[in-house]
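Structure first, then comments.
The values are calculated or read from the model by the stated rules, or taken from the named source; none is laboratory data. Every value quoted in this text rests on a predicted model; they were computed, and no experiment measured them. Cβ: placed from backbone, ideal geometry, glycine included. Neighbour counts: every protein chain shown. Note: areas computed on protein heavy atoms with side chains; ligands, DNA, RNA excluded. Shrake-Rupley method; radii C 1.70, N 1.55, O 1.52, S 1.80 Å.
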Amino acid sequence: MKVDVLLGLQWGDEGKGKVVDVLTPRYDVVARFQGGPNAGHTLEFAGQKYVLRSIPSGIFQGDKINIIGNGVVLDPALFKAEAEALEVAGHQLKERLHISRKAHLILPTHRLLDAAYEAAKGDARVGTTGKGIGPAYTDKISRNGLRVGDILHRFEEKYEQVRSRHEMILKGLNYSYDLQEMEQAWFEGINYLRQFHLVDTEHEINNLLNEEKSVLCEGAQGTMLDIDFGSYPYVTSSNTICAGACTGLGLAPHKIGEVYGIFKAYCTRVGAGPFPTELFDKIGDRICTLGHEFGSVTGRKRRCGWIDLVALKYSIMINGVTKLIMMKSDVLDTFDTIKACVAYRINGEDITYFPYNIEEGVQPVYVELPGWQTDMTRMQSENEFLEEFNAYLSFLEEQLGVPICIVSVGPDRAQTIERYTEE
Ligand code: GDP
Ligand code: IMO
Ligand code: MG
């Protein structure tokens, strides 16, 4: 059995949580493979809204197994808060949420280091989510991290060692802090974590595949935030791309089946860093207001702009995307014209490949298309799409070379339209 992967093609917040929830009934298992509580995946159904950070978005559909893989970094305090809120809302997790013993822990001092490094960078700061993601992955790669499996044996001793090393760095950075309250919540989180199935999820997931069970992997962040291929250094600290599902879950590359690439009908970015199609005018504000573009974790205003097909083509290439999913089409319902960036003009030359540096001197070259100017939020099938909307889809498919199989017309689970269903 193959594993399908769903991941973001832009700078995150494409709507991954919503679509993972919609697709979950077709799978036996949903697995997160990277990132941590920097993610905020929103789902809406039955008048309820949930924002998930570390827990996979397959948790609401029946009794599916949900896995937090080894590639994830987990903050026990935030995990406890997230899991308990779900349990209070009637969603039992303990039996069906399995956590890798090889996942790395985010310590309270990782959060402090995240803040201290950002402060030290001044104007060059990344604009991180402040969740300790960078320092936790740094410790993992430099072989100084603590893993979930460590909590099962002589944990305090190991923790003290790492904490005192972090405190030395914080001192060097002249960063003042108060750890006590954070530590208390964190250790409560560690105790809570002990109640879960802490397993070697690489064995579990491969055994499930051998039993013909189907798996959907849920990406966090987006390709343009990937540590290798994103707009470095304004990126996150993990491989958000399809290959991350292999290393973050222990899957062989040939096990990957469909790769769902998800994008908004326009583009957003939260945090610092280059964004060639960013709009600084009323249109950008209008997209922000109509799309409610405020971060689901930090509440920060998301920067908004037109869709960038140069960047999208790059993301499709890096991930081997086989099916596209277009989100938030309804946000553009009232626009009379819609723009799509088809090339970058750099030093007077138009290029259509994604260049090494997009930090300065990149002018987007746009194609203008007529808007559909109709309310799409109640539409149930593609038969209801207007000519202008079909023309927008055809234009994107022609440019990107991959079919758009799902169109989302609102935040609710039900506001999802599938195409090419006869295949
Ligand atoms: P994720 O991080 O990729 O899961 O995306 P987020 O949850 O951070 O951001 C997507 C936001 O758009 C959430 O508030 C969703 O409820 C909302 N959303 C998802 N799909 C649609 C859609 O088709 N239309 C509208 N208007 N909102 C949507
Ligand atoms: P989801 O999964 C949007 C951004 C931050 C910052 C950069 C580095 O909800 O799509 P980090 O805290 O990871 O060190 O921050 O990455 N960022 C996201 N932007 N969606 C996300 O997740 C993000 N996770 C991190 O804003 O620019
Ligand atoms: Mg998000």
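Here are some notes:
- Test: residue in the range 337-345 that is more than 16 Å from ligand 1 (Cβ to nearest atom), surrounded by fewer than 18 Cβ atoms within 10 Å (Cβ to Cβ), of a type outside the set (G, A, S) and closer than 30 Å to Y234 by Cα: yes
- Some residue of the range 329-336 being in contact (Cβ under 8 Å) with a residue 12 or more places away in the chain, open to solvent by less than 60 Å² (accessible area, probe 1.4 Å) and closer than 27 Å to P355 by Cβ: no
Yes/no per residue for (1) touching a Cys at 6+ places or on another chain (Cβ under 9 Å); (2) at negative phi; (3) open to solvent by 10 Å² or more (accessible area, probe 1.4 Å):
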{"residue": "L7", "(1), (2), (3)": "yes, yes, no"}
{"residue": "G15", "(1), (2), (3)": "no, no, yes"}
{"residue": "L23", "(1), (2), (3)": "no, yes, no"}
{"residue": "F33", "(1), (2), (3)": "yes, yes, no"}
{"residue": "G36", "(1), (2), (3)": "no, yes, no"}
{"residue": "I59", "(1), (2), (3)": "no, yes, no"}
{"residue": "D63", "(1), (2), (3)": "no, yes, yes"}
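- Here the strands (runs of 3 or more DSSP E) wholly within the range 23-88 that include at least 2 residues being within 16 Å of ligand 2 (Cβ to nearest atom), of a type outside the set (A, V, I, L, M) and closer than 27 Å to G299 by Cβ are 41-45, 48-52.
- Only one entry in V51, V5 is in contact (Cβ under 8 Å) with a residue 24 or more places away in the chain, within 16 Å of ligand 3 (Cβ to nearest atom) and closer than 24 Å to M327 by Cβ, namely V51.
- Within the range 262-287, considering residues that are more than 16 Å from ligand 3 (Cβ to nearest atom) and of a type in the set (V, I, T), the one surrounded by the fewest Cβ atoms within 10 Å (Cβ to Cβ): I283
- Test result for I325, in contact (Cβ under 8 Å) with a residue 24 or more places away in the chain, crowded, with 17+ Cβ neighbours inside 10 Å, of a type in the set (V, I, T) and touching a Cys at 6+ places or on another chain (Cβ under 7 Å): yes
- Matching residues, the range 229-275, being in contact with a Lys or Arg (Cβ under 7 Å, 6 or more places away or on another chain) and hydrophobic (A, V, I, L, M, F, W, C): I256, I262, A265, V270, A272, F275
- In the range 288-308, the residue that is surrounded by the most Cβ atoms within 10 Å (Cβ to Cβ) out of those that are outside any loop (DSSP other than H, G, I, E, B), of a type outside the set (K, R) and within 16 Å of ligand 2 (Cβ to nearest atom) is D308.
Each row is one residue, and each column tells you yes or no for (1) outside any helix (DSSP H, G or I); (2) on the phi > 0 side of the Ramachandran plot; (3) without any contact (Cβ under 8 Å) to a residue 12 or more places away in the chain; (4) surrounded by fewer than 21 Cβ atoms within 10 Å (Cβ to Cβ).
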site	(1), (2), (3), (4)
G127	yes, yes, no, yes
G130	yes, yes, no, yes
G134	no, no, no, no
Y177	yes, no, no, yes
L209	no, no, no, yes
L216	yes, no, no, no
M224	no, no, no, no
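- Any hit, the range 76-88, residues being within 20 Å of T240 (Cβ to Cβ), surrounded by fewer than 22 Cβ atoms within 10 Å (Cβ to Cβ) and either within 10 Å of ligand 1 (Cβ to nearest atom) or aliphatic (A, V, I, L, M) (or both): yes
- Residues that are more than 23 Å from the chain's Cα centre (by Cα), part of a strand (DSSP E or B) and of a type outside the set (A, V, I, L, M) within the range 322-340 comprise T337, K339, listed in sequence order.
- Residue within the range 378-392 that is within 15 Å of ligand 1 (Cβ to nearest atom), assigned to a loop (DSSP other than H, G, I, E, B) and open to solvent by 40 Å² or more (accessible area, probe 1.4 Å) present: yes
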